[in-house]
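Note sheet for the following structure.
Derivation of every value follows stated rules applied to the coordinates shown; laboratory data play no part. Keep in mind it's a predicted model, so treat the numbers as computed, not measured. Because the Cβ atoms are built from the backbone with ideal geometry, glycine has one as well, and the counts that use them run over all protein chains shown.
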Amino acid sequence: MRAYDAVVVGGGAIGMASARALAGEGLSVAVIDRGRLGGEASSAAAGMLGAQLEAHAPDAFYALCRESRAMYSNFAAALLEETGIDVEWVENGILQLARSEGVAAALRERMRWQRAAGDEAVWLDPAEVRALEPATADDVLGALYLPRDGNVHAPRLSAALRACVAGLCDVYEGEEVVAVERAGAGWRVRGARDVYAADRVVLAAGAWASPFLRALGIPLEVRPVKGQMLALRPPRGAALRRTVYDAGTYLVPKRDGTVVVGATEEPDAGYDKRNTVDGLAALAAKALGAVPGLRGGEWVRAWSGLRPRLTGEAADPVIGPWPGAEGIILAVGHFRNGVLLAPITGRIVASAALGREPEDLWLPFWPPARFAARGGDVRANTPER
Ligand code: GLY
């Protein structure tokens, strides 16, 4: 049996950022993944750092997303130094298009509360939109421009984190964890091939977290929400520089000139990651409706990923120690924002592992505070039914 200060179950961006942060605190760490590190949602993502895009109110989730976005410049620079891999972090901005009066009003309201929170958010009239991104649709009534939201190249981020973790930790790929059990004051993680002892276990298994939660009596459930994506190469003269978002569809320009288009949201697809003709046709139609200048572009490829979404009313991620199971640390339910929230999640997990006090900003996600606020009632996050 191998023994560690911490075992991380799940090697996506969240698990790897956690492992990196734990190793950075001097802990001996193992990362165990059923497949290859970064092989699932983390490398399937479009890599948007959409702290303002993905927030729907000036709430704790928005604050957490902003905090993590602010860490990205240093995070990307550190990964480059540690691994030689450039994750292509760029603060290229996001344009949220308004193509109806109703959407324009909602975006102006979003601009108001984001500015009040101290963020940059600018209203552009149609001519300004066209001047910034000439390939966008003629029926655009204006756009909310979020210059601080950016993106990274998600497969490169996964590769960099994997290289970094491989240098700092023991990595077990292709190892299926079959049980996480109490063993004295610590924990025993049983894999199909080997057994690992640890003082702390970080559960970061993305869309595959539910069996571990259930077995530990933790009343949270994570379900997969499939997202289909495609990449295209714009026709000559129609390159995008900023990310364009329209009615749930986003077009994210990458350094090599391709544009990543996402994504469907399919909560009933389970673990089926196949691309479907209707899913991709609808996605392509929405993308070309928002940015008609991309017509005639070259189809590059299509793929899909499984976002890990907590069930219940409060679907925000849960990050921190689980009360009543000392040594179990959760990093689950990052849903649409695993890439964005990876740096802050690593920091929170490391604090939890070292028994440090959480920062105020983290309390809404930190299990002892989050569930104590409901008198220990976790029903808001328990499965419906
Ligand atoms: N982060 C965008 C998405 O999950 O589709």
For a label point 7 angstrom out from the Cα of GLU181 toward its Cβ, which stretches of the stretch 203-243 have the backbone nitrogen within less than 18 Å?
211-218
Nearest-20 debye value, the stretch 107-175 charge dipole, Cβ charges on Lys, Arg, Asp, Glu:
220 debye
Residue among ILE319, TYR271, ALA282 farthest towards the positive dipole end of the stretch 201-356, charges placed on Cβ:
ALA282
May I ask you to list the aspartates and glutamates whose Cα is less than 19 Å away from that of LYS226, ignoring any residue fewer than eight positions away on the same chain?
GLU40, GLU54, GLU265, GLU266, ASP268, ASP272, ASP278, ASP316
Farthest positive-ward along the stretch 226-385 dipole, Cα basis, beta-carbon charges - from ILE328, TRP299, LEU310
TRP299
Please turn the phi angles of the stretch 126-132 into ³J(HN,Hα) values with the Karplus equation 6.51 cos²θ - 1.76 cosθ + 1.60 (θ = phi - 60°), one per residue in order, whole Hz, x for glycine and proline.
x, 5, 5, 4, 5, 5, 6
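Loop only by DSSP, 13 or fewer other Cβ within 10 Å of the Cβ. Give me the chymotrypsin sites (Phe, Trp or Tyr not before Pro) in the stretch 247-332 that pass, ordered by residue number. Intermediate results must be reported in sequence, preceding the final value.
Values: sites: TYR250, TYR271, TRP299, TRP303; in loops: TYR271.
For chymotrypsin sites (Phe, Trp or Tyr not before Pro) across the stretch 247-332 that sit outside H, G, I, E and B with at most 13 neighbouring Cβ atoms in 10 Å, the list reads TYR271.
Can you give the extra length, in nm with one decimal, that the chain gains between ALA372 and GLU128 once fully stretched, where that is 0.36 nm per residue apart less the Cα-Cα distance?
Values: separation 244, 0.36 × 244 = 87.84 nm, distance 4.86 nm.
Gain on extension, ALA372 to GLU128, equals 83.0 nm.
Kindly state, to the nearest 0.05, the FRET efficiency for SER100 paired with ARG214, given R0 = 41 Å and r defined as their beta-carbon distance. If you can, show how the numbers build up before the last one.
Numbers: r = 44 Å, r/R0 = 1.06.
Here the calculated transfer efficiency is 0.40.
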On Cα atoms only, tilt of 277-290 relative to the major axis of the chain in degrees
50 degrees
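Could you size up the charge dipole of the stretch 138-241 around its Cα centre, putting +1 on the beta carbon of Lys and Arg and -1 on that of Asp and Glu, and report it in debye to the nearest 20? Please report the intermediate quantities before stating the final value.
On the way: 14 positive and 11 negative charges, 33 e Å.
About 160 debye.
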DSSP-assigned coil residues among trypsin sites (Lys or Arg not before Pro) in the stretch 27-107, each with at most 14 further Cβ atoms within 10 Å:
ARG36
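For the chain, give the magnitude of the charge dipole about the Cα centre (Cβ charges: +1 Lys/Arg, -1 Asp/Glu; no others), in debye to the nearest 20. Walk me through the intermediate numbers first.
On the way: 43 positive and 46 negative charges, 103 e Å.
Using only the charged Cβ atoms, the result is roughly 500 debye.
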Tabulate in residue order the Karplus-calculated ³J(HN,Hα) for the stretch 12-27, using 6.51 cos²θ - 1.76 cosθ + 1.60 with θ = phi - 60°, rounded to whole Hz; enter x for Gly and Pro.
x, 4, 5, x, 5, 5, 5, 4, 4, 5, 5, 5, x, 8, x, 7
Are there any GluC sites (Glu not before Pro) in the stretch 203-299 that are in a DSSP loop and have at most 16 other Cβ atoms within 10 Å? List them by number.
GLU265
In nm, to one decimal, how far is the ALA247 label point from the ARG112 one, both placed 7 Å along Cα→Cβ?
2.5 nm
Could you state the number of Å between the C-alpha centres of the stretch 75-147 and the stretch 283-336?
19 Å
On C-alpha positions alone, give me the angle between the axis of helix 338-353 and the longest principal axis of the chain, in degrees, nearest 10.
20 degrees
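Nearest 500 deg cm²/dmol is fine: what mean residue ellipticity at 222 nm does the chain get from its DSSP H runs of n ≥ 4 alone, each adding -39,500 (n - 2.57), divided by its residue count? Present the calculation step by step, with values, prior to reporting the outcome.
Numbers: 10 runs with 120 residues, N = 385.
Computed ellipticity for the chain at 222 nm equals -9500 deg cm²/dmol.
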